[in-house]
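Worksheet: the structure to be examined is printed underneath.
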Amino acid sequence: MNLILHVWRQKSADAPGRMVRYEARGISTHMSFLEMLDVVNEELIAKGEEPIAFDHDCREGICGMCGFMINGVAHGPRRGTTVCQLHMRYFQDGDEIYVEPWRARAFPVIRDLVVDRSAFDRIIAAGGYVSVSTGSAPDANSIPVPKEDADRAMDAAACIGCGACVAMCPNASAALFTGAKITHLGLLPQGQPERRRRALAMVAQAGRELFGSCTNIGECEAVCPKEIKLEVIARMNRDFLRASWTSRDTGGDGAR
Ligand code: SF4
Ligand code: FES
């Protein structure tokens with residue numbers, strides 16, 4: 001198949017960017033979208049031009065490195081699918097495709113389709129971990145976890161930190177990502193000692209990173225490649241409110 005691409009090209013964070021037209025010829029329907037870009041890049045390199053920069057690693061939909069807008073939709077037209085798992089058979093011969101980086105103040109463009117997502121790392125560093133001693137593996141097996149809680153914790157833990165939720169949200173909110181992390185740890189016994197402190201710290205950090213507030217639009221859930229549900233945002237808000245009340249009542253950090 002042959003395609004027309006319009007790709008955002010930007011040399012650096014400070015340089016102006018623009019859409020550039022490319023022709024992708026002889027593309028197999030079995031290729032992933034990233035493999036199609038590889039073909040375009042090989043042609044660019046052969047002509048002595050700069051290849052299109054994009055992030056990727058596993059190419060199996062599990063690492064969270066890849067991601068950009070395809071025709072205005074984060075990760076493109078297939079639900080529950082990262083761009084590395086999006087195959088060209090979902091496009092038509094002759095299609096014209098617009099490819100742009102995530103757009104959010106908290107995710108500045110580094111080059112072309114690559115954005116800086118270290119704001120997510122700082123939200124995790126603020127509290128997205130368990131620091132209490134949980135013992136060895138046999139100890140973990142001796143702590144019963146209700147099946148429903150374990151399943152919901154695993155569903156939330158599926159978040160790969162790709163940033164599509166932020167990119168698609170009109171408010172550039174990180175609520176789905178932050179809620180997934182808070183839900184994952186907050187549903188497990190090992191996550192209880194720090195549960196309230198975690199909610200306060202992670203939500204505060206998301207605000208410091210200039211992500212917007214959630215207004216329940218739901219675009220995040222619609223494009224999330226791991227199909228994280230909006231209910232994680234409700235859990236995050238509940239944990240945050242409870243922690244805020246405790247903190248206000250005790251003058252502490254909500255750790256009680
Ligand atoms: S919640 Fe979904 S869209 Fe957002 S970072 Fe996690 S996996 Fe990506
Ligand atoms: S490259 Fe790892 S999820 Fe796409």
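Below are the figures for this structure:
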read-out: Candidate set: the stretch 205-239, residues that are part of a helix (DSSP H, G or I), closer than 27 Å to Leu86 by Cα and open to solvent by 30 Å² or more (accessible area, probe 1.4 Å); chosen: the one nearest to ligand 1 (Cβ to nearest atom); value: Glu221
read-out: Unmet requirement for Ser32, which otherwise passes all of (1) more than 14 Å from ligand 2 (Cβ to nearest atom); (2) modelled with pLDDT of 95 or more; (3) open to solvent by less than 70 Å² (accessible area, probe 1.4 Å); value: (1)
read-out: Verdict on Asp139 being of a type in the set (Asp, Glu) and closer than 28 Å to Asp14 by Cβ; value: no
read-out: Pairs, first under 18 Å from Val145 (Cβ atoms) in the stretch 185-209, second among the basic types (Lys, Arg) and assigned to a helix (DSSP H, G or I), C-beta under 8 Å, six or more apart; value: Leu185/Arg195; Leu185/Arg198; Gly186/Arg195; Gly186/Arg198; Gly186/Arg235; Leu187/Arg152; Gly191/Arg198
read-out: Conditions (1) touching a helix residue (DSSP H, G or I) at 6+ places or on another chain (Cβ under 9 Å); (2) surrounded by 15 or more Cβ atoms within 10 Å (Cβ to Cβ): number failed by Gly17; value: (1)
read-out: Some residue of the stretch 40-50 being open to solvent by 10 Å² or more (accessible area, probe 1.4 Å) and either under 17 Å from Gly161 (Cβ atoms) or within 16 Å of ligand 1 (Cβ to nearest atom) (or both); value: no
read-out: Single unsatisfied condition, Val223 versus (1) modelled with pLDDT of 95 or more; (2) more than 16 Å from ligand 2 (Cβ to nearest atom); value: (2)
read-out: Condition check for Ser28: over 30 Å from Leu210 (Cα atoms) and not in a strand (DSSP E or B); value: yes
read-out: Single residue of Leu86, Leu113 found to be open to solvent by less than 40 Å² (accessible area, probe 1.4 Å) and touching a Ser or Thr at 6+ places or on another chain (Cβ under 7 Å); value: Leu86
read-out: Residue that is modelled with the lowest pLDDT, among those in the stretch 89-110 that are open to solvent by 20 Å² or more (accessible area, probe 1.4 Å) and in contact with a Leu (Cβ under 6 Å, 6 or more places away or on another chain); value: Arg105
read-out: Residue list for the stretch 60-88, filter: closer than 18 Å to Ala24 by Cβ and within 16 Å of ligand 1 (Cβ to nearest atom); value: Cys66, Phe68, Met69, Ile70, Gly76, Pro77, Val83, Cys84, Leu86
read-out: Selection within the stretch 25-61 - among the small types (Gly, Ala, Ser) and without any contact (Cβ under 8 Å) to a residue 12 or more places away in the chain; value: Ala46, Gly48
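The values are calculated or read from the model by the stated rules, or taken from the named source; none is laboratory data. In this text, all values refer to a predicted model and were calculated from it rather than measured experimentally. FYI the Cβ positions are ideal-geometry reconstructions off the backbone, even for glycines, and counts take in every protein chain you see. Areas reflect the complete protein model, heavy atoms only, side chains present, ligands, DNA and RNA absent. Shrake-Rupley method; radii C 1.70, N 1.55, O 1.52, S 1.80 Å.
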